[in-house]
Amino acid sequence: MSDIKIYTYKQCGTCKKATKYLDAKGVEYNEIAIREKPPTKTELKRMLKNYEGEIKRLFNTSGQDYRNNNYKEKLPNMTKDEAIAELAANGNLVKRPFVLIKDNQQMVGFKESEWYEVFQ
């Protein structure tokens, strides 16, 4: 079992770039289908600490579920616990790739320069 969990969606171009990057670096990881098995509330809270409580950073703001359910308007009025519950219930809402590393590192999205710092 790898020390790295990466939540992805198979149709997501950014997710494909991220896993291709890890493969090229020879990094072992455990890939999890984010739509079928979203991150847990505990994992989401861990990620939220990494982004200093900015809950919007965990949302896939360009996704249809975000837009269709008007989260742009709803999110500012939600508590962090309510937002975490929404994310844990619907993997489509979670920004991806969503990466958790055993040594307490985590990140969302794929920016090669940031990934280079972690996976050099």
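Only the coordinates and a few stated rules stand behind these numbers; no lab work does. Treat the numbers as computed from the prediction; the structure is a model and nothing was measured. Neighbour counts run over all protein chains shown; Cβ positions are idealised from the backbone, glycine included.
Report the dimensions of the chain along its three principal axes from the alpha-carbon atoms, largest first, rounded to Å.
42, 28, 26
In deg cm²/dmol, rounded to 500, what helix-only [θ] at 222 nm does the chain give when every DSSP H run of at least 4 residues adds -39500 (n - 2.57) and the total is split over its residues? Write out the running numbers ahead of the final one.
Working: 6 runs with 49 residues, N = 120.
That comes out to -11000 deg cm²/dmol.
Once both axes come from the Cα atoms, what is the angle between helix 80-89 and the longest principal axis of the chain, in degrees from 0 to 90, rounded to 10?
Approximately 60 degrees, to the nearest 10.
Which Cα, out of 8, 22, 92, lies furthest along the positive dipole direction of the chain (beta carbon charges, K/R +1, D/E -1)?
Among 8, 22, 92, the one farthest towards the positive end of the dipole of the chain is 92.
Rounding to the nearest 10 and keeping the result within 0 to 90°, find how far the Cα-based axis of helix 13-25 lies from the longest principal axis of the chain.
30 degrees
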